[in-house]
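Asks: First the structure, then my questions, so here it is.
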Amino acid sequence: MIEVQGLTKRYGDVLAVDDLTFTVRSGAVTGFLGPNGAGKSTTLRIVLGLDAATSGTARVGGRPYARQPAPLKAVGAVLDPGAVLPSRSAWHHLLALAAGNGIPRGRVAEVLAEVGLEKAGRRRAGTYSLGMRQRLGIAAALLGDPPVLVFDEPLNGLDPEGIVWIRALMRKMAAEGRAVLMSSHLMSEMEVTADHLLVIGRGKLIADTTMKDFIAAHSAREVVVRSPRADVLRGLLVAAARVRAESADTLVVTGLEAAGIGAVAAAAGVELHELAPRQESLEAAFMKLTRDAVEYRAEKGTGR
């Protein structure tokens, strides 16, 4: 697992990470969310030994990254898919990493095949597309068969097939008992991939909860009702719930469950064509929670 305790990082007068404490547990995909400038990348860099904390600790498997005897066997990470010499082939890039971490060279072919680069492994990395470089970064992360995986924006550059593949890969890694930490701005993918969420804003932890509980706590549960007599039904429901018209025959009801709405309609003899509960998305819940933690915000009404 990853354990962060009281982590603080200052860059001069800028407080990038502010007394951050959380745990990323094995057997789950943990989503790491926050607006731009929230401190996500700084936190990940400290966890991976690329930056030093001003105070606090970050441990992987019980020890700091710098004290791991074979780092790639402890944690695999994708932070920058372009961090490879463009003149070096994918195969030689991975072979060098394997040699420096005591990993058998046969593992190189295995991970190239796992990420779909088996046929392109002998090509120079400089000829790769962004999606191919992303796959190469993931191959490097998997090289040491580590129990902990850290992915920062792993979906960048991937086509739809690649997105489905990386989603399945992360779920598979978690099912095998690994700890998977994923940072991404693609909320739709995070919603279907992550089990648990860590949300930070302005360097502080503002949520540490399951995906289901996060959405339930920070979004409204609605019921969509469609009826040819929507105007009549609305008059019957307004005393017990909040009702808004979405179209001439469709209402959106908040504060009353589908069963209660159905009972009201049945008692009044109002025909229903649809009665469907609807939960707001992760994106909507995230936007509500972090609205005061956004560092960069475009002004409204500036477009032409």
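All of the numbers you see were taken from the coordinates with simple rules; none came from a lab. Not measured: the values here are computed from a predicted model. With ideal geometry, Cβ positions are generated from the backbone for all residues, glycine too; neighbour counts draw on all protein chains shown.
Asks: Could you check which residue among Gly61, Gly131, Gly12 shows the biggest mean-square fluctuation in a GNM of the chain with a 10 Å Cα cutoff?
Replies: It is Gly12.
Asks: Rounded to the nearest 20 Debye, what is the dipole magnitude of the chain about its Cα centre when Lys and Arg each give +1 and Asp and Glu each give -1 at the C-beta?
Replies: The dipole magnitude comes to about 940 debye.
Asks: Right, another one. Note down, for the chain, the three equivalent ellipsoid semi-axes (square root of 5 times each alpha carbon gyration tensor eigenvalue), biggest first, whole angstrom.
Replies: On the way: eigenvalues 401, 108, 64 Å².
Values for the chain, descending: 45, 23, 18 Å.
Asks: Over 23 Å between Cα atoms: which of Lys73/Lys212; Lys9/Lys204; Lys212/Lys288 fall into that group? Mind dumping the intermediate values first?
Replies: Working: Lys73/Lys212 32 Å; Lys9/Lys204 11 Å; Lys212/Lys288 16 Å.
Result: Lys73/Lys212 exceed 23 Å.
Asks: Residues with amide H under 5 Å of Phe151's amide H, sequence separation 5 or more or different chain, H placed in the peptide plane at 1.01 Å from N; which?
Replies: Val78, Leu181, Met182, Ser183
Asks: Would you kindly state how much longer the chain becomes between Arg88 and Glu110 on full extension, computed as 0.36 nm times their sequence separation minus their alpha carbon distance, in nm to one decimal?
Replies: Contour length minus the Cα-Cα distance gives 6.0 nm.
Asks: Still on this model: What distance in nm separates the simple spin-label points at Glu283 and Asp19, each placed 7 Å from Cα in the Cβ direction?
Replies: Simple spin-label model gives 3.5 nm for this pair.
Asks: Under a cut-off of 16 Å between alpha-carbon atoms, report the aspartates and glutamates in cross-link reach of Lys172, not counting same-chain residues fewer than 8 places apart.
Replies: Of all the aspartates and glutamates, those that pass the test against Lys172 - Cα under 16 Å, at least 8 places apart if same chain - are Glu114, Asp145, Glu189, Asp195.
Asks: Ala174: net charge of surrounding residues, Cβ under 12 Å, Lys/Arg +1, Asp/Glu -1, itself excluded?
Replies: Values: positive: Arg25, Arg167, Arg171, Lys172, Arg178; negative: Glu176, Asp195.
Neighbour charge sum, excluding Ala174 itself: +3.
Asks: Still on this structure, I have one more. For Tyr11, Tyr128, what ranking results if the residue with the fewest other Cβ atoms within 10 Å of its Cβ goes first? Could you put the intermediate results ahead of the total?
Replies: Values: Tyr11 11, Tyr128 21.
Listed from fewest to most nearby Cβ atoms, that is Tyr11, Tyr128.
Asks: Using label points projected 7 Å from each Cα along Cα→Cβ, tell me how many nm separate Glu118 and Asn36, to one decimal.
Replies: In this crude spin-label approximation the distance works out to 4.0 nm.
Asks: Still on this structure, I have one more. About its Cα centre, how strong a charge dipole does the range 220-279 have in debye, to the nearest 20, once Lys and Arg get +1 and Asp and Glu get -1 at the Cβ?
Replies: Values: 7 positive and 7 negative charges, 33 e Å.
Dipole of the range 220-279, to the nearest 20 debye: 160 debye.
Asks: In degrees between 0 and 90, to the nearest 10, how far off the longest principal axis of the chain does helix 90-100 point, with axes built from Cα atoms?
Replies: It works out to around 70 degrees.
Asks: Would you mind ranking Thr42, Thr193 so that the residue whose beta carbon has the fewest other beta carbons within 10 Å leads the list?
Replies: Working: Thr42 20, Thr193 23.
Going from sparsest to densest Cβ surroundings: Thr42, Thr193.
Asks: Hey, another quick one. Over the chain, what is the relative contact order in percent, taking alpha-carbon pairs closer than 8 angstrom and at least six residues apart?
Replies: Details: 595 pairs, mean separation 64.2, N = 304.
Computed value for the chain: 21 percent relative contact order.
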